[in-house]
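Notes for the one structure printed next.
Just so it is clear, none of the values below were taken in a lab; they were calculated from the coordinates. As the structure is a prediction and not an experimental result, all values here were calculated from the model. We place every Cβ from the backbone using ideal geometry, glycine too, and count neighbours over all the protein chains shown.
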Amino acid sequence: MATSCVSLDYALWHYGLIPETVVEVTSVTTRRSQKLKTGLGRFSYQHLPDALYPIGMQSVAVTGGGYCLLATPAKALCDRLVLTRNLRVHSAKSMQQFLLDDMRFDSDEASQMDLAVIAAYQQSGHKPELLKHLSEALKQWQ
């Protein structure tokens, strides 16, 4: 597997932004999407455009030594939204509804979101209107 970054639902759960336990380690990669089941657990990799991949990631130490790439809270949320097919959000209010009702996002934790990461995603040209609504929704909660 090429370089990947733990993101999406697993990272959102890790940061306490969604309540459901996530049993599959979800990651983004610039390579093709795939799922793996090993003795260590289940892993899924979703393709993310090259322009978005490096935005908002950090290297973190893992138990047992070594490091992994982990999305910041804002990157994990942006990745989740950009990779969700047929997502129809047309305002900050409808974004808040989606986050609260569909994702069960903890709005009290909106302060964890780095708006500069969301702005960088917007500037990439991938779903800029959707990301604009995300930014506006989070600003209302912060």
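Taking the centroid of alpha carbons for each part, the stretch 55-103 and the stretch 105-139 are 10 Å apart. Considering only Cα atoms, the convex hull volume of the chain works out to 111 Å³ per residue. Computed about the Cα centre, the dipole magnitude for the chain is approximately 500 debye when only Lys and Arg (+1) and Asp and Glu (-1) carry charge, each at its Cβ. 3J(HN,Hα) couplings calculated from phi for the stretch 86-96 with the Karplus curve 6.51 cos²θ - 1.76 cosθ + 1.60 (θ = phi - 60°) are, in sequence order, 6, 7, 10, 10, 10, 6, 4, 5, 5, 5, 4 Hz; Gly and Pro show x.
Rounded to the nearest 500, the 222 nm mean residue ellipticity of the chain from helices alone is -9500 deg cm²/dmol, with -39,500 (n - 2.57) taken per DSSP H run of at least 4 residues. Computed over the stretch 4-139, relative contact order equals 23 percent, with contacts defined as Cα pairs under 8 Å that lie 6+ residues apart. With neighbour counts taken as other beta-carbon atoms within 10 Å, the residues Y15, Y121 rank, fewest first, as Y15, Y121. In order along the stretch 52-64, the phi-based Karplus estimate (6.51 cos²θ - 1.76 cosθ + 1.60, θ = phi - 60°) of 3J(HN,Hα) comes to 8, 3, x, 6, x, 10, 9, 8, 10, 6, 10, 4, x Hz; Gly and Pro are listed as x.
For the stretch 4-139, the number of Lys pairs with C-alpha atoms closer than 29 Å, counting only pairs eight or more positions apart or on separate chains, is 11.
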